[in-house]
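Worksheet: one structure, shown below.
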Amino acid sequence: MADATIKVNDHGPLLVQGSFTLTDPDGNPFETKETIALCRCGQSQKKPFCDGTHGKVGFDAACERQA
Ligand code: FES
């Protein structure tokens, strides 16, 4: 059973940590580590993973805080 935490970073990727399976559109699993960063800006050359490009392109997407 999956038990993961997903953290939304301001102006950056989604950090996924824990036990999970990440698959491509055909259901084939990616090899992952315990913590991965998923691209949220759409500019990574290593999608679905973040490659740091968000910082170069000025990705601006602060997350709305929950009360
Ligand atoms: S969020 Fe990092 S490259 Fe897209």
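Overview of values
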quantity: Low-density loop positions, trypsin sites (Lys or Arg not before Pro), the chain - DSSP coil, at most 11 other Cβ in 10 Å; calculated: Lys33, Lys46, Arg65
quantity: Neighbour-limited loop hits for chymotrypsin sites (Phe, Trp or Tyr not before Pro), the chain (at most 12 other Cβ within 10 Å; DSSP other than H, G, I, E, B); calculated: Phe30
quantity: Computed [θ] at 222 nm, deg cm²/dmol, the chain (DSSP H ≥ 4; -39,500 (n - 2.57); rounded to nearest 500); calculated: -1500 deg cm²/dmol
quantity: Selection from Pro48, Ala37, Gly58 lying farthest towards where the dipole of the chain points positive, charges on Cβ; calculated: Gly58
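None of the figures in this text is laboratory data; all of them are computed from the coordinates on show. Because the structure is a prediction, the values reported are computed rather than measured. Note: ideal-geometry Cβ built from the backbone for every residue, glycine included; neighbour counts use all protein chains shown.
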